1. Could you list GLU85, GLU338 so that the one with the fewest beta carbons within 10 Å of its beta carbon is first and the one with the most is last?
2. By counting other Cβ atoms within 10 Å of each Cβ, how are CYS75, CYS366, CYS113 ranked from fewest to most?
3. Largest first and in whole Å, give the semi-axes of the chain's equivalent ellipsoid, each being the square root of 5 times a Cα gyration tensor eigenvalue.
4. Given Cα pairs under 8 Å that are at least 6 residues apart, what percent is the relative contact order of the chain?
5. Taking every pair of distinct Cα atoms and averaging 1/r, then inverting, what Kirkwood hydrodynamic radius in Å comes out for segment 55-97?
6. List the relative contact order of segment 31-159 as a percent without decimals, with contacts defined as Cα pairs under 8 Å and 6+ residues apart.
7. Using Cβ counts within 10 Å as a stand-in for footprinting exposure, how do LEU390, LEU296 rank, fewest first?
8. If you take the beta carbon distance between THR212 and THR309 as r and set R0 to 35 Å, what does 1/(1 + (r/R0)^6) give as a FRET efficiency, to the nearest 0.05?
Amino acid sequence: MTSLGDPADLDLGSVERPLRSLAGTVYLPAAAYGIGQGAAAPVMVLSALELGASTAVAGLTVAIVGLGQVIGDTCSGQIVARIGERRSIIAASTLASAGALACMFAVGIWMLCLGILAVGLANAVWGLARQNYLSLAVPFAWRARAMSLFGGAMRFGFFVGPLVGAAVIWLIGTRGGFVVQLVAIVAGGLMMARLPDPPGAGAVAQPLSLPTVFARHRRLLSTLGTGSLLLGVARSARDAILPLWAIHIGLSPAVASLLFGIGAAADVLFAYPAGHLMDRFGRTVVAVPSISVLGLSYLLIPFTTTVFTFTAVAVLMGIGNGFGNGVIMTIGADVAPETGRAEFLASWRLTHDAGFLAGPLSIAVCAAFFPLSAAVFAAAGLSALGAVVLKKYVPEYTSKRSMTTKDG
């Protein structure tokens with residue numbers, strides 16, 4: 001399998017061949033990395049509970065992933081612009097491996113949180129490097145499908161990860177999810193390190209600073225970026241809500257992990273179709289229904305009291321999340337400037353990752369002072385607000401861009 005060294009070498013006449021040429025160095029590693037994240041997602045909260053944390057503090061552990069990604073976003077653009085995608089992937093995979101090890105051997109909640117924070121930091125650099133490469137290597141007409149397939153590969157990992165994690169948890173206990181994460185991070189990092197940088201990548205001596213990027217794109221990031229943030233809230237809140245609600249209705253950690261994985265299966269099914277719809281009909285047709293279905297699923301969670309009803313809502317939530325597969329990455333690539341692309345994309349990812357921090361954080365705060373059902377309804381309300389913002393601002397920016405942009 002050969003990798004893409006020069007984006008200009010892509011065969012623009014076929015979507016299938018460019019995506020196949022990216023399989024071994026982009027999509028398979030993304031699936032491996034996703035397996036690790038999927039295996040760890042349900043056990044972060046459960047491990048915190050085992051270490052003696054309260055329900056509210058356990059919910060905060062998921063928010064720490066978002067905190068790490070937000071911190072990482074503030075410098076990831078400069079890192080990728082300066083040293084390139086390949087070196088950035090190697091550094092991020094090393095840091096994520098160290099974080100997974102810390103989670104595996106955590107002797108207190110503080111050590112668990114440090115490990116989770118390290119993984120979040122690595123996620124920011126890892127994700128930006130892949131998004132920046134795809135935005136350069138894939139032509140505009142196929143961009144959404146390429147981004148959605150990348151997101152779909154990650155979601156496939158999120159589907160497989162909890163299933164593998166459930167088996168390992170059954171064998172060695174709750175920390176087994178972190179064992180799967182460590183193996184997956186190492187495997188994905190080794191595969192991804194084979195991908196060469198596009199010409200000119202990593203050659204910027206003085207990358208743009210984060211304040212400079214925000215000043216240049218103030219209106220875009222404060223309007224469309226707000227929609228990106230709220231979609232991040234809607235997506236990430238489920239990582240805290242589903243495990244907590246599973247425990248609330250009396251499910252075991254292994255069963256919770258298994259059902260989490262079943263819900264994630266819907267993400268995989270909607271990966272490529274979502275990209276096809278975006279390339280053909282625009283970004284709004286995917287962004288707004290995605291967050292709306294997520295909001296509906298949050299409204300239904302308080303009414304689940306059995307394994308069957310919980311699974312049904314988890315699947316509905318997976319459909320909502322999967323239908324929006326790749327939409328944030330695609331919109332970011334659409335509106336990114338030619339100069340300072342990596343730095344802009346880092347700022348764009350910051351808006352979404354801030355939502356990944358705010359989602360679990362808001363759930364934890366609500367759970368500390370109100371019944372868990374109140375936190376769920378809050379997530380539903382924020383999802384509804386996000387749908388309104390995305391409906392208004394996505395076409396304002398992406399329609400203009402698509403009329404003047406002919407390639408990536």
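None of the figures in this text is laboratory data; all of them are computed from the coordinates on show. Because the structure is predicted, anything quoted here is derived from the model rather than measured. Cβ: placed from backbone, ideal geometry, glycine included. Neighbour counts: every protein chain shown.
1. Final ranking by Cβ density, sparse to dense: GLU338, GLU85.
2. With the sparsest Cβ surroundings first, the list reads CYS75, CYS366, CYS113.
3. Those come to 31, 23, 20 Å.
4. Normalised by residue count, the contact order of the chain is 27 percent.
5. One over the average 1/r among Cα pairs gives 11.7 Å for segment 55-97.
6. Reported as a whole number, the value is 39 percent.
7. Ranked by crowding around the Cβ, least crowded first: LEU296, LEU390.
8. Step by step, r from the Cβ atoms, then E = 0.10.
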